[in-house]
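Take a look at the structure set out below.
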Amino acid sequence: MDRIRQIIDKHGRLPAKAETLRPQQDLYAAGLTSFAAVQLMLALEEAFDIEFPERMLNRRSFSTIEQIAACINELSPKALAS
Amino acid sequence: MTSLQDRAALVAAVAAQYTEQVDRDGRFPTEALRAMKEHRLLSAFIPKEFGGEGAALADIADVVSILSQSCGSTGMVYAMHQIKTSSLVTHGGASAWHRAFMERICDEQLLLGSATTEGGGIGGNLRNSICAVERKGERFSLEKVGALISYGIQSDAILITARSGPDAPPSDQVMAVFTKDQYTLEQTMKWDALGMRGTCSDGFTFRGEGDAAQIFPNDFGDIAAKSMLPICHILWSAVWYGVAYAAFARAQNFVRAEARRTPNVVPPGALRVAEAANMLQLMKSNTTAAIHRFEKAEQGGEDLGSVGFIVAMNNVKIGASRMACDVINHAMLITGINGYRNDTPYSVGRHMRDAMSAPIMISNDRIFGNMSNLLLMHRIEPSLVA
Ligand SMILES: Cc1cc2nc3c(=O)[nH]c(=O)nc-3n(C[C@H](O)[C@H](O)[C@H](O)COP(=O)(O)OP(=O)(O)OC[C@H]3O[C@@H](n4cnc5c(N)ncnc54)[C@H](O)[C@@H]3O)c2cc1C
């Protein structure tokens, strides 16, 4: 979760620091634009060495930190543990 | 009641009578609107339970195209009204206020306008707002500066976007309905444009106050993805198809008249007619494929919020807007001086000017810019038929 928060800080272009966001908080309401969402996806792919399949490329998958973690976990169960 | 298309044809006949005057004087197509109300076209998209007809998107698009063949501005006014209606139909069912408002649209044949565009550098950047709703108990107020609102003066209600509150970031938006008695429009710009002159897309400062219940319960991001973006692009494409078709028909008549005058000789314009017919078919497939994809997605076949769907719906707009201009350019080359003049049965100047609004109505470059970002992630579906 901390790594996800770091990446959000770097690429999410949010007005608030990611550490202040609850895992279930809506990132779009927090200011995530569709441009930044794509940049965030690309950064997550790079950081966790994963590739998001088409079925995950939607608003919902990237709407909260918890959702992002669930997607990453599904694609690479060990990625978040390390 | 006669079919929607039959009634649309009656309204189109009225629109055709006034289209030249509407264009020349840059005035609203009042007679066509009156005919739409008389034939209850404004409530066609609303479900039967609220007093509408529950028409399918395909039928609404057909009506848009029929009207646009007579008068581009009339077709665009009807299309924009239905785009706003679609947001009520898709998202308003959960709220008592919006359900009652849908009944009012049917009973009173209300015309809905749209205020998404904003000054201060927002322009057509739909998913960002500067202005914000201010809630005070059960009430709320909103002021939007630099709003470009087609038929703002003639609208009976306006659907408007804003930030969800004074502290919300620009992309955290809501949409609200205001009825005519709840707002003032201070005109800041008069619409004197190249084409679509009858849409009367004047600039205003909008100031409104209403019940907080008039704000849609779900956020605007959701509304934009699920109803506004796809239906807007589909119905705009239907307008441009109608306008392009009308210019094409004039060019074809021109060539046919020539062929009758000089039998056994294929007129020089005939080849271009064939070429234009090809483009017209691409325009038609582009739009009808989008309608089918949207209808399938709505029934759960595809995620309306997926990147793939958004890319496809943006491509519909770009394709249709570019091709409309190409078809009409062909029509102009075919009809020559007769098409260029404003006073012949083959005139296509109005069609060309109307269609030239298509690539700039939410700039194609802006849309390409958004899509170039999405295509860093999304892979285009390899299957031809899926
Ligand atoms: C007939 C008509 C009716 C309309 N009716 C309404 C209405 O009822 N309600 C309403 O709210 N709005 C209405 N609009 C306004 C419309 O929604 C857009 O705001 C308007 O067309 C301006 O679009 P834009 O900001 O994308 O481009 P412009 O302001 O025209 O952009 C200027 C230039 O910048 C470039 N550009 C802009 N952004 C980008 C980007 N991100 N990437 C690359 N290049 C870019 C474009 O190439 C363009 O040439 C109407 C417009 C028209 C033409």
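The values are calculated or read from the model by the stated rules, or taken from the named source; none is laboratory data. Predicted model, so just to flag it, every value in this text is computed and none were measured. Note: ideal-geometry Cβ built from the backbone for every residue, glycine included; neighbour counts use all protein chains shown. Note: areas computed on protein heavy atoms with side chains; ligands, DNA, RNA excluded. Shrake-Rupley method; radii C 1.70, N 1.55, O 1.52, S 1.80 Å.
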J(HN,Hα) series, the stretch B:48-63, from Karplus relation 6.51 cos²θ - 1.76 cosθ + 1.60, nearest Hz, glycine and proline x: 4, 4, 9, x, x, 10, x, 5, 6, 4, 4, 5, 5, 4, 5, 4
Protection-proxy order for peptides B:242-254, B:371-383, each taking the mean of Cβ atoms within 10 Å per residue, highest first: B:242-254, B:371-383
Helix-only [θ]222 nm of chain B, DSSP H runs n ≥ 4, -39500 (n - 2.57) each, per residue, nearest 500: -17000 deg cm²/dmol
Those lysines that a straight Cα-Cα span of less than 17 Å connects to B:LYS296, excepting residues fewer than 8 apart in one chain: B:LYS226
Cα gyration tensor, the stretch B:113-214 - rounded (a/c under 1.5), prolate or oblate: oblate
Residues in the stretch B:287-313 reached by a label modelled at A:GLU51 [backbone nitrogen below 20 Å; 7 Å Cα→Cβ]: B:307-309
Accessible area in square angstrom per residue, the stretch B:220-374, 1.4 angstrom probe: 44
Proximal lysines relative to B:LYS136, as straight alpha-carbon distance under 22 Å, when same-chain residues fewer than 8 apart are discounted: B:LYS144, B:LYS180
Amide proton proximity set for A:ASN58, modelled H, under 5 Å, gap of 5+: B:VAL307
For B:CYS200, distant residues with modelled amide H under 5 Å away: B:TYR151
B:LEU333 versus A:SER76: modelled label distance in nm, points set 7 Å from Cα along the beta carbon direction: 5.3
Theoretical ellipticity at 222 nm over chain A - DSSP helices of four or more residues, -39500 (n - 2.57) apiece, nearest 500: -13500 deg cm²/dmol
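Between chains A and B, what is the buried accessible area in Å², counting both sides, with a 1.4 Å probe and ligands, DNA and RNA left out, to the nearest 100?
Roughly 1500 Å².
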Anchor A:LYS10: aspartates and glutamates whose Cα lies under 19 Å away (excluding residues fewer than 8 positions away in-chain): A:ASP2, A:GLU19, A:ASP26, A:GLU45, A:GLU46, A:ASP49, A:GLU66
Residue-by-residue Karplus 3J(HN,Hα) for the stretch B:30-39, coefficients 6.51, -1.76, 1.60, Hz, glycine and proline x: 4, 5, 5, 5, 4, 5, 4, 5, 4, 8
³J(HN,Hα), Karplus 6.51/-1.76/1.60, whole Hz, each residue of the stretch B:232-244, x for Gly, Pro: 4, 5, 5, 6, 4, 4, 5, 4, 5, 4, x, 5, 5
With Cα atoms, 0 to 90° folded angle of helix B:72-91 axis to chain B main axis: 40
Long-range amide H partners of B:ARG139 with built H, under 5 Å: B:ALA212
Portion, in percent, of the accessible area of chain B that falls on carbon or sulfur, probe 1.4 Å: 53
Two-site FRET efficiency, A:THR20 against B:ASP181, from Cβ-Cβ distance with R₀ of 45 Å, rounded to 0.05: 0.60
